[in-house]
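Worksheet for the structure shown next.
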Amino acid sequence: MTKALILLLLLGLTAIAEATEQSLRPGGIAMIDLGAASDPAPAVTHAGKPVLVMLADDRWIAVVGIPLDAKAGELTIDVADYEVKITIAEHAYREQRLTVENKSFVEQNQEQLDRIWSERKIIDAVLNSFTAVPVDGVSLQAPLKGAQSSSFGYRRFFNDQPRSPHKGMDISAANGEPIAAARGGVIAASGDFFFNGNTVLVDHGQGFVTMYCHMSEIDVVEGQAISVGDIIGAVGATGRVTGPHLHFGTYLNGTAVDPAILLD
Ligand SMILES: [Zn+2]
């Protein structure tokens, strides 16, 4: 899909609108042509958060993550001194009901809540960071060969209690299978988190972040520069899981977007 997108980017503005039409939904991505790159890159924000602007075929392209809780209808993107309106399509994500045996994953005590809160702050700090480096694309290589589920956006219930929607793609794989970085970047954070288990967050620049969860081991350290395909750890079943798999999350302007849109 990304290859098609890049091809269409090369074909020009009309093609871009067509290419991204199908992902103009909550959890999708909008690509907005901001004009010739002979001028400096304009500053772009959405909902007060800075937006990635990349160079493609001598044009500036804003790559906007559309929040999962965005309502169908018009969405405003702020570009320097003007606004761009995009129309978001309705999208009904499926419902998923899970029964979890370990009660602490459904209801937490104060100590666990404190831990979750401090971990949330670490993760949010990375997702809302904006490293002002040039970004030359947003396509991603699959972090492992396993079957990619279409579980992004699932509205989840654990033991019949509503929980936040599923903000990533689950890729099934055996315990210990190596996980490769989906794109070059810098390790922004890693740790053993209550829900996400062993987790690595990679900063690809300008708020573009990938997240890898439930790992059995972590082979990188914070601040380390990595290239696409570098092994960052191995598949596991740490955190809130029912079995070994990789939870793969992709983020733009602080919001989770469907990894399927970005994967080659
Ligand atoms: Zn998951």
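In the chain, Rg over Rh equals 0.97, where Rg is the alpha-carbon radius of gyration and Rh the Kirkwood radius from pairwise Cα distances. Taking each of Lys103/Lys167; Lys71/Lys121; Lys49/Lys71 in turn, the alpha-carbon distance tops 24 angstrom for Lys71/Lys121. Remark: spin-label model distance Ser172-Glu95 equals 2.4 nm, labels positioned 7 Å along the Cα→Cβ axis. Looking at the range 95-262, the DSSP beta bridges with both ends there are about 90 percent antiparallel. In this simple spin-label approximation, Ala80 and Lys103 carry label points 7 Å from Cα along the Cα→Cβ vector, and these lie 6.0 nm apart.
Enter the accessible area per residue of the chain (Å², integer; probe 1.4 Å; all protein chains in place). Walk me through the numbers on the way to the answer.
Details: 12440 Å² over 264 residues.
Heavy-atom accessible area per residue stands at 47 Å².
Tell me which DSSP H helices of the chain clear both cut-offs, 24 Å or more of axial length from alpha-carbon atoms and a mean Kyte-Doolittle hydropathy of at least -0.5.
Details: long enough: 110-127 (25 Å, -0.47).
Long hydrophobic helices here: 110-127.
Within 10 Å of each candidate Cβ there may be at most 15 other Cβ atoms; applying that plus a DSSP loop requirement, which trypsin sites (Lys or Arg not before Pro) in the range 57-138 survive? Please list the in-between numbers first.
On the way: sites: Arg59, Lys71, Lys85, Arg94, Arg97, Lys103, Arg115, Arg120, Lys121; in loops: Lys71, Arg94.
Hits after loop and neighbour filter: Lys71, Arg94.
Proximity of backbone amide H atoms, modeled 1.01 Å from N, is registered between Gly207 and Thr131 at under 5 Å, excluding neighbours fewer than 5 places apart on the same chain. Residue-wise HN-Hα couplings along the range 238-246, as the Karplus relation 6.51 cos²θ - 1.76 cosθ + 1.60 with θ = phi - 60° gives them from phi, are 8, x, 7, 9, 9, x, x, 5, 9 Hz; Gly and Pro carry x. Surface composition of the chain: carbon plus sulfur atoms hold 53% of the accessible area, using a 1.4 angstrom probe and ignoring ligands, DNA and RNA. A run of the chain free of exposed loop cleavage sites, with GluC sites (Glu not before Pro) counted only in DSSP states other than H, G, I, E and B and at most 11 other beta carbons within 10 Å, reaches its longest extent at 108-264. Taking 7 Å steps out from each Cα toward its Cβ at Asn159 and Ile122 produces label points 2.6 nm apart.
With the cut-off at 1.5 for a/c, could you classify the range 120-264 from its C-alpha gyration tensor as rounded, prolate or oblate? Can you show the working numbers first?
Numbers: a/c = 1.44, a/b = 1.26, b/c = 1.15.
Rounded, because the longest to shortest axis ratio a/c is under 1.5.
The values are calculated or read from the model by the stated rules, or taken from the named source; none is laboratory data. None of the values given here were measured: they were computed from a predicted structure. Here Cβ is always computed from backbone atoms with ideal geometry, including for glycine, and neighbour counts include all displayed protein chains. All accessible areas refer to the heavy atoms of the entire protein, side chains included, with ligands and DNA or RNA removed. Shrake-Rupley method; radii C 1.70, N 1.55, O 1.52, S 1.80 Å.
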